[in-house]
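Here is the structure we will look at.
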Amino acid sequence: MASSRHHNTYIDGAAIFWTNSIVEGIPILRSPTAARSLVEIIEDCRCGYGVKIPGYVVMPDHFHIIAWAEDVNHTKLFIRQILSRSSATFAVMTDTAADRGDAHARLWSQIFHAKATGKSTVRIWKERGRAFPITTEAVLLEKLQYIHNNPVRAGLVEHVEDWEFSSAACLASGHSPAKHQRLLLDTGEST
């Protein structure tokens with residue numbers, strides 16, 4: 001395996017700012033169905049590992065998430081589980097669409113299968129995501145602003161709270177769907 005110039009750092013008690021991208025920049029998450037599936041997988045995994053999530057955004061070809069658990073190993077397992085479960089889900093979605101004659105899905109499926117290594121039959125996510133520890137509130141706020149502004153910078157929406165697949169709407173209004181509210185960091189206040 002080629003070495004990476006990026007080194008992931010994990011610190012007990014620190015939140016982790018995680019980024020991962022789809023191989024070849026394939027915009028599979030442009031599909032609302034795929035994006036909703038990823039948000040649902042994040043929620044399921046969050047519950048399973050007791051991880052708190054101050055913020056996230058799902059973009060057409062990548063996602064960012066800030067996750068925290070007292071034991072950083074729970075955060076690592078949480079991320080690993082998101083990637084594993086979403087890979088399986090997206091592989092089935094893509095293969096099914098390809099079988100129905102979708103030309104984009106056919107090409108994407110071929111790429112996902114061609115990128116597979118080891119025991120896997122597909123590779124959806126780039127080999128290595130990026131983990132950055134967040135140890136101060138100032139850095140947390142900076143990273144939240146960064147992820148929430150992703151859809152605006154990409155020209156997908158005019159206002160951060162308009163992007164459906166982000167915690168920004170919940171943070172801005174407090175009236176987002178309950179699923180999105182449960183993803184957010186538990187501050188002890190009721191929503």
ask   = Which of (1) buried (at least 18 other Cβ atoms within 10 Å of the Cβ); (2) among the polar types (S, T, N, Q); (3) modelled with pLDDT under 95 does THR117 not meet, given it meets every other one?
value = (1)
message = Looking at region 72-80, can you tell me whether even one residue there is free of Cβ contacts under 8 Å to residues at least 24 places away in the same chain and basic (Lys, Arg)?
response = yes
task = State all residues of region 71-80 that are in a helix (DSSP H, G or I), open to solvent by 40 Å² or more (accessible area, probe 1.4 Å) and of a type outside the set (A, V, I, L, M, F, W, C); if no residue qualifies, say none.
result = ASN73, HIS74, LYS76, ARG80
ask   = Is region 2-9 home to any residue that is touching a strand residue (DSSP E or B) at 6+ places or on another chain (Cβ under 7 Å), modelled with pLDDT of 85 or more and among the polar types (S, T, N, Q)?
value = no
key: Search result, residues across region 81-108 that are without any contact (Cβ under 8 Å) to a residue 24 or more places away in the chain and either acidic (Asp, Glu) or open to solvent by less than 30 Å² (accessible area, probe 1.4 Å) (or both)   = ASP95, ALA97, ALA98, ASP99, ASP102, ALA105
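For region 109-151, which positions are part of a loop (DSSP other than H, G, I, E, B) and either in contact (Cβ under 8 Å) with a residue 40 or more places away in the chain or small (Gly, Ala, Ser) (or both)?
Taking region 109-151 and keeping what is part of a loop (DSSP other than H, G, I, E, B), we get 115-124, 126-129, 135-136.
Hits for region 109-151 are LYS115, ALA116, GLY118, SER120, ARG123, ILE124, LYS126, GLU127, ARG128, GLY129, THR135.
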message = Please go through region 77-108 and give me each residue that is basic (Lys, Arg) and over 19 Å from ARG123 (Cα atoms), ordered by number.
response = ARG100
request  = Go through (1) surrounded by 13 or more Cβ atoms within 10 Å (Cβ to Cβ); (2) at pLDDT 90 or above; (3) more than 18 Å from the chain's Cα centre (by Cα) one by one and return the number of the condition LEU144 breaks.
outcome  = (3)
query = Taking into account only those residues within region 120-140 that are more than 18 Å from the chain's Cα centre (by Cα) and open to solvent by 60 Å² or more (accessible area, probe 1.4 Å), which is nearest to ILE28 (Cα to Cα)?
reply = THR121
note = Within region 18-61, residues being open to solvent by less than 40 Å² (accessible area, probe 1.4 Å), in a helix (DSSP H, G or I) and not polar (S, T, N, Q) number 12
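Can you pull out the residues in region 152-162 that are of a type in the set (Asp, Glu) and in a helix (DSSP H, G or I)?
Going residue by residue through region 152-162, those that are of a type in the set (Asp, Glu) are 158, 161-162.
GLU161, ASP162, listed by residue number.
The values are calculated or read from the model by the stated rules, or taken from the named source; none is laboratory data. This structure is a prediction, so every number in the text was calculated from the model and none was measured. Cβ sites come from the backbone with ideal geometry, for glycine too, and all protein chains shown count toward neighbours. With ligands, DNA and RNA removed, areas are computed over all heavy atoms of the protein, side chains included. Shrake-Rupley method; radii C 1.70, N 1.55, O 1.52, S 1.80 Å.
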